[in-house]
Amino acid sequence: MRVVSGIQPTGNLHLGNYLGAIMRWVKMQDEAECLFFLADLHAITVYNDPAELAAHIREMAAVLVACGIDPDRSIMFNQARVPAHPELAWLLNGTARIGWMNRMTQFKEKSGKNREGASVGLFAYPVLMAADVLLYQATHVPVGEDQKQHLELARDIATKFNTDYDVELFTLPEPLIGKTAARIMSLRDGSAKMSKSDPSDMSRINLTDDIDLVAQKVRKAKTDAEPLPDNMPALAGRAEAKNLVGIYATLAGEAPDAVLGRFAGQGFGAFKPALADLLVETLRPIKARLDALRADPGEIDRVLARGAERAAALAAPTLEGAYKALGLPRGG
Ligand code: TYM
């Protein structure tokens with residue numbers, strides 16, 4: 001079992017990233033050989049201020065360590081330090097079909113009405129993502145629901161490459177999507193996912209928010225006036241309520257029905273403070289570790305450089321195999 005996953009280093013990590021991905025990455029370290037990376041080459045598919053991007057890469061690396069990623073056990077790095085990623089992505093561009101790419105819902109969402117004005121990188125982005133996992137022969141890729149389509153594409157690219165060039169080079173990666181936190185929704189609108197691109201900061205909880213702000217965001221989260229039922233199916237049509245119960249259950253490591261069992265008959269006046277407490281309990285130690293890590297940015301750079309060296313060594317045979325399969329001579 002080899003686990004590979006990435007996250008874009010654009011500003012803050014929010015609760016959707018944490019519950020949908022990072023918290024599960026931390027657990028997987030006990031079960032498998034893991035590679036986790038900052039997808040900085042994905043981040044440049046939209047304009048980022050270069051100084052801010054550099055700062056975000058370090059900050060996000062520190063956040064991952066603060067959340068429990070252990071850079072001795074897992075290989076942690078930023079993509080830009082491992083050129084095998086964009087190299088393999090280019091080789092796979094010959095295999096990926098424009099028709100497949102045109103179906104990617106995230107590109108449609110992100111480019112919006114201005115498709116002609118979107119960068120080529122934003123369109124080609126899922127090919128780089130395929131390279132990210134295929135390079136390491138990833139067997140499992142823990143992600144939120146929104147990345148599932150990209151991983152299906154990675155499987156299609158791998159299958160077509162293996163078939164066209166008659167090789168058994170790439171392993172087909174399996175997406176691992178959590179049961180309770182596959183799609184954490186905005187605190188202001190239960191039909192939109194929690195996202196760092198939402199203009200309202202009140203729509204999300206950032207891992208670096210002050211404790212008071214976390215409590216305030218939970219208090220102001222949109223809900224309804226009905227009491228909570230004792231089972232999840234009875235929450236049908238109450239997207240905001242369902243979202244908050246899902247967040248609680250994931251944080252507490254409990255089944256949503258077990259949570260509802262305790263709060264059945266009560267309203268949000270009782271549920272919200274309990275949720276805020278649970279959030280604060282989770283975030284407080286992460287923030288404390290983060291403060292200590294921020295004090296030593298040199299150490300974060302060393303961690304990323306060492307991770308990149310280990311990643312490059314693992315990637316080399318697959319990259320070689322791809323050049324060879326394509327008939328491209330290399331070296332002296
Ligand atoms: P990114 O940076 O948008 O998000 C990182 C991870 O957080 C998950 N996530 C969520 N999960 C539940 N609810 C939400 N509201 C929510 N928002 C985000 C995402 O599904 C993701 O798992 N393309 C990827 C980064 C990437 C990658 C990869 C991932 C690049 N290469 C290879 C896996 C394998 C992205 O932009 O994630």
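Here are the numbers for the structure shown:
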read-out: Positive dipole terminus of the chain, leading residue within Tyr47, Ala239, Gln147 (C-beta point charges); value: Ala239
read-out: Per residue value of the accessible surface for the stretch 201-292 (all protein chains in place, 1.4 Å probe), Å²; value: 45 Å²
read-out: Rounded accessible area of Lys242 (nearest 10 Å², 1.4 Å probe); value: 100 Å²
read-out: Separation between Cα centres of the stretch 187-261 and the stretch 51-86, rounded to whole Å; value: 29 Å
read-out: Under 20 Å from Lys108, Cα to Cα: lysines that are on another chain or at least 8 residues apart; value: Lys148, Lys193, Lys196
read-out: The stretch 274-330 and the stretch 7-22: distance between their alpha carbon centers, rounded to Å; value: 13 Å
read-out: Portion, in percent, of the accessible area of the stretch 201-292 that falls on carbon or sulfur, probe 1.4 Å; value: 53 percent
read-out: For q = 0.14, 0.15, 0.16, 0.18 Å⁻¹, Debye-computed log10 I/I(0) when each Cα of the stretch 194-332 counts as one equal scatterer; value: -0.78, -0.83, -0.88, -1.02
read-out: Apportionment of accessible area to carbon and sulfur, the stretch 144-194, percent (1.4 Å); value: 42 percent
read-out: Under 17 Å from the Lys108 label point (7 Å along Cα→beta-carbon), backbone N, the stretch 140-175; value: 146-153
read-out: Per-selection metrics, the chain (Cα): Rg and Dmax in Å; value: 20.8, 74
read-out: Positive-end residue of Trp90, Ile184, Ile286, charge dipole of the chain with Cβ unit charges; value: Ile184
read-out: Accessible-area value, Glu299, 1.4 Å probe, nucleic acids and ligands omitted, Å²; value: 70 Å²
read-out: Estimated translational D of the stretch 9-90 in µm²/s (Stokes, Kirkwood radius over Cα pairs; 37 °C; 0.692 mPa s); value: 243 µm²/s
read-out: Rounded to the nearest 20 debye, dipole of the stretch 201-292 from Cβ charges on Lys, Arg, Asp, Glu; value: 120 debye
read-out: Length gained when the stretch Asp156-Ala32 is fully extended (0.36 nm per residue, less Cα-Cα span); value: 42.2 nm
read-out: For Val167, solvent-accessible area (1.4 Å; no DNA, RNA or ligand), Å²; value: 40 Å²
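The values are calculated or read from the model by the stated rules, or taken from the named source; none is laboratory data. All values reported here derive from a predicted model rather than from experimental measurement. Reconstructed Cβ throughout: ideal geometry from the backbone, glycine too, with neighbour counts over all protein chains shown. Each accessible area value is taken on the protein alone, full model and side chains, heavy atoms only, with ligands, DNA and RNA left out. Shrake-Rupley method; radii C 1.70, N 1.55, O 1.52, S 1.80 Å.
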